[in-house]
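As structure tokens, the structure follows; a few thoughts come after it.
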Amino acid sequence: MDNATPHEPNASDEASADRRHISRKGLLKAAIVAGAAPLLAGGGVALARDSAAPNGSGGLLDPTPQCDDGDDPTPPQMEGPYFKPNSPRRNSLVTPGTPGVPLTVSGYVFGRACRPISGALLDFWQADTNGAYDMARYAFRGHQFTGPDGAFSLTTVVPGLYPGRTRHIHVKAQAPGGRILTTQLYFPNEPRNNTDALFDPRLLMNVRSVGNGRQGSFDFVLDVAQTPGPTDPPTNPPTNPPTDPPGGTWAPGTSYRAGDRVTYGGVAYRCRQAHQSMTGWEPPNVPALWERG
Ligand SMILES: [Fe+2]
């Protein structure tokens, strides 16, 4: 990866700046928790932003960045002293015998227009289950690239605690040719979240317990300008436009099933998984739910 070191904000400045920007996201999340969030039925939850699901402790989730207004990229955090360049390319940082609580982290990388970024680099590093970083080799370090739909998935263990910090995972994210975002991801309901000056609720993952492990999710929004989505009407509409699909024109508050077909902005889409639609999840904005065609 590009070894350029991004600007490292001062910890205290970063913490205070973070707190100034929480309010609007908090309101958004409050609306979601109050019941506006769509329920994804069957086929698993593909969107990390589907944050209304209960986490492992049964409590409501704290604010997490949403790719719904397109103007708030994922906030940066300091790199810290434990980054090492040239991590191996791999999605899994563990082997069957690795000690620790199994953890997967998955989600999507979006640009500012909430369109997925394919081929984005994600370079993760974290402490082992005992809170130790491997500075001699590359244990719990690995980079990967998002797929065509902007998705990523990391297999690891829950990082251990070490003095002075709450539980976290470090990551550098970079769109192809873009600037590096250095940040950290946090776990909900951690006692030390309240005392760690770096902790930022916008960087909370959604985490739930599954069997003896945990499943975390997080969507990155990179500060990458994107051209408008396919909602723009075509400049040269076909002479014989297709008839409206059975689903008609996409509308919020509608229960769609996998395979349903709709139009939105004059473009035809096919539903990829059952869900209830809502404003902000228009087909071009949620490639996990809708594909063109
Ligand atoms: Fe750390």
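No lab work stands behind these numbers, since they all come straight from the coordinates. Bear in mind that the values here come from a model prediction, so they are computed numbers and not experimental data. Neighbour counts are summed over all protein chains in view; Cβ atoms, including those assigned to glycine, are modelled from backbone coordinates with ideal geometry.
For region 150-169, name all the residues that are on the phi < 0 side of the Ramachandran plot and within 14 Å of the chain's Cα centre (by Cα).
Passing the criteria: ALA151, PHE152, SER153, LEU154, ILE169.
So how many residues does region 117-165 have that are more than 16 Å from the ligand (Cβ to nearest atom) and aromatic (Phe, Trp, Tyr)?
2
Return the residues of region 184-205 that are buried (at least 22 other Cβ atoms within 10 Å of the Cβ) and hydroxyl-bearing (Ser, Thr, Tyr); say none if nothing qualifies.
TYR186, the sole residue that qualifies.
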